[in-house]
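The values are calculated or read from the model by the stated rules, or taken from the named source; none is laboratory data. Remember, it's a predicted structure, so these values are computed and weren't measured experimentally. Glycine gets a Cβ as well: all are built from the backbone with ideal geometry, and neighbour counts include every protein chain shown. For accessibility, only protein heavy atoms count, side chains too; no ligands or nucleic acids. Shrake-Rupley method; radii C 1.70, N 1.55, O 1.52, S 1.80 Å.
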Amino acid sequence: MPSRRFTSCGQHSHPVPVTQQSDVRTTDTVIVGNGPSALFLSYLLHGNVPIYDPTTHGPHPDPVLHSKLTQIGSGRPLYDALDSPKTAETLTEHFPSSTFMSYSSQALPINVLLDTLVRPNADTEIGESKSRIRWERDPARRVDHLVLGDAGKAGGQWAEDAIGANWDCETLSYAELLSLPGYSFPDHCKRTHRRAMQDLVRPTRREVAAYYSAYPKAVGISSEVFTSVHAQRVRQLPQGGFELRVSHRSSSTSSSKTMTIICTHLVLATGIYSHVIPPPPIFASLLHNSNNSYTTNPSAAPLLVVGSGFTAADVMIAAKDAGRKICHIYKWDPTHPSPLKGCHPQAYPEYAQIYRRMKAVISTANSSLKSPSPPADDSYEGFPNARVISASNDGRIRILTADGDIVERVVGGLKYCVGRRGSLEYLSPELRKAVGVVDAGWISGDTMRWRVEEDLEVVNGVFVVGSLTGDSLVRFGFGGCTYAAGKILGHKTEESKKKGGRREEAERGVEAVDVTRRTSCVIT
């Protein structure tokens, strides 16, 4: 039987070596997910070692942190400073009261630590922030591992667009803050466009997806990164370690190939945005509408957009650019009206404009008029805190407004953008319970936060990284990955010492037997 073949994110396909009789592959570590955190962890497990570097660009701007790091010892890996939650806490315990720098109080301290080492003062010195980490390649610290992701290309959610939002909308983060070590976004821009990237650039989602797709090959990790691979039935083995059943979706055929993987360490890196929350059944007739896409025909029926966040805004921006009218249903809480409220008009003008439209409808609704009416721009009609109570195949919908009125509209399609959630349905019920998740359905950034605040190794051999920790920004994914890599390497070292000890005992035993035999012969 031929070896199973899985498609890598590189420019070629390569086989995953398996035992042909049983289709079982063994490896030390499996990373489930192929988003930014998974890619960075793979970079670490390939033997790229982070070391605090106070020489190249000077000591870290925080002298307290610099003093603590120098006590570790010059040239020693950061793994040594992060070998337990306690040592990590010691390095970061002064962050809340620091007078030298402003540290995030929302992200996990270990994630803030690596963020400030990779780019000190990144929020105030974009373009001038110099890394205080030196990367050294050490083949002895390489760990056998596999990165398995559902996405068709490396990058996880960045590589996919299930809602159909605008691929050319700009990201909230600047390019530097989306970069991964070893091959930064500016490096990618220089390689692909033959020119240096300017500071304070918000790249498009299309550009970010292309960057993460190119990252594995650029840093030499593509041999371990696999795409279109679905992990399922992950269970903990009685004798230790984990078993995964994985399937590969072929892009050319409808068939899938399956195999079993046995590993010592398991890293959960699937994120909290892997699944789009589906629309309720009442919208079913609108999902198959022939106009359920953008169009340059201004006379087309309006596009119905449901949602109040950035994805909904991206959809409306794309529709406006295409000349499409919008019928917008959204939630509005006076105390927390919309995530778009925090967008400064100069930094994020497109989102600020959407927010002003939403707010204008509220102002009109609070006036003497009973029901919302569109602003002067008739390309947009908003219905805050309303809901659809019926929808037909011809696009005719009935809307119950916040005032209790019922209005009818005809729409030409639907974009349901009320959020994304993660899922750990690929874990067995027993393993889900062990990591602290009872419901495999929707999980958010708060679901596992209480566990990872104690230790990112939530179960012996199981690590949580990326947005599953509750920190959704790419820049705050480095700490968890560095901690996980250090612990995995520590386990590997301990096992090697045990094997070495057993080997020495065995050799001494053989030597003793030989001596006895020689003595016996002499006596005889």
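What the Cβ-Cβ distance of A434 and S173 gives, at R0 = 30 Å and to the nearest 0.05, is a FRET efficiency of 0.35. A simple spin-label model places the labels of R245 and N121 5.6 nm from each other, with each point 7 Å out along Cα-to-Cβ.
Using a probe of 1.4 angstrom and keeping all protein chains present, the accessible surface of segment 216-289 works out to 46 square angstrom per residue.
Under the shape rule built on the C-alpha gyration tensor, where the axes satisfy a ≥ b ≥ c, segment 223-286 is prolate, since a/c reaches at least 1.5 and a/b is greater than b/c.
Heavy-atom accessible area, probed at 1.4 angstrom with all protein chains present, ranks K320, K217, K68 as K217, K320, K68, highest first.
E160 exposes around 80 Å² of accessible area when a 1.4 Å probe is run over every protein chain in place.
Protection proxy ranking, highest mean first, for peptides 207-215, 39-47, 190-198: 39-47, 207-215, 190-198, where packing is the per-residue count of other beta-carbon atoms within 10 Å, averaged. Stretching H344 away from I277 to a fully extended chain increases their span by 21.3 nm, per 0.36 nm per residue minus the current alpha-carbon distance. Of the cross-linked pairs K153/K492; K130/K487; K153/K257, those separated by over 22 Å at the C-alpha level are K153/K492; K130/K487.
Please give me the summed charge of the neighbours of S338: other residues whose Cβ is under 15 Å from its Cβ, Lys and Arg +1, Asp and Glu -1.
On the way: positive: K331, K341, R356, R357, K359; negative: D314, D333, E350.
The answer is +2.
Approximating the spin labels as points 7 Å out from Cα along Cα→Cβ, the T90-to-K331 distance works out to 4.4 nm. The mean accessible area for residues of segment 382-433, using a 1.4 Å probe and ignoring ligands and nucleic acids, is 46 Å² per residue.
Classify segment 40-103 from the C-alpha gyration tensor, please: rounded if a/c falls under 1.5, else prolate or oblate depending on whether a/b exceeds b/c. Walk me through the numbers on the way to the answer.
Values: a/c = 1.84, a/b = 1.41, b/c = 1.30.
Here segment 40-103 falls in the prolate category.
For segment 132-197, what class follows from the C-alpha gyration tensor (a ≥ b ≥ c being the square roots of its eigenvalues): rounded when a/c is under 1.5, otherwise prolate if a/b is larger than b/c, else oblate? It is oblate, given that a/c is not under 1.5 and a/b is not larger than b/c.
Translational D (Stokes-Einstein, µm²/s) of segment 43-155 at 4 °C and 1.567 mPa s when Rh comes from the Kirkwood sum over C-alpha pairs?
Rounded to a whole number, D works out at 84 µm²/s.
Using the beta-carbon distance between R137 and A196 and R0 = 30 Å, what value does 1/(1 + (r/R0)^6) give for FRET efficiency, to the nearest 0.05?
On the way: r = 26 Å, r/R0 = 0.87.
That pair, R137 with A196, gives E of 0.70.
Averaged over residues, the count of other Cβ atoms within 10 Å places the peptides 266-275, 141-150 in the sequence 266-275, 141-150, highest first. Shown in residue order for segment 181-189 are the 3J(HN,Hα) couplings computed by the Karplus curve 6.51 cos²θ - 1.76 cosθ + 1.60 at θ = phi - 60°: x, x, 7, 7, 4, x, 4, 5, 4 Hz (x for Gly and Pro). Annotation: amide H of I133 within the under-5 Å range of D53, sequence separation 5 or more or interchain, hydrogens built in the peptide plane.
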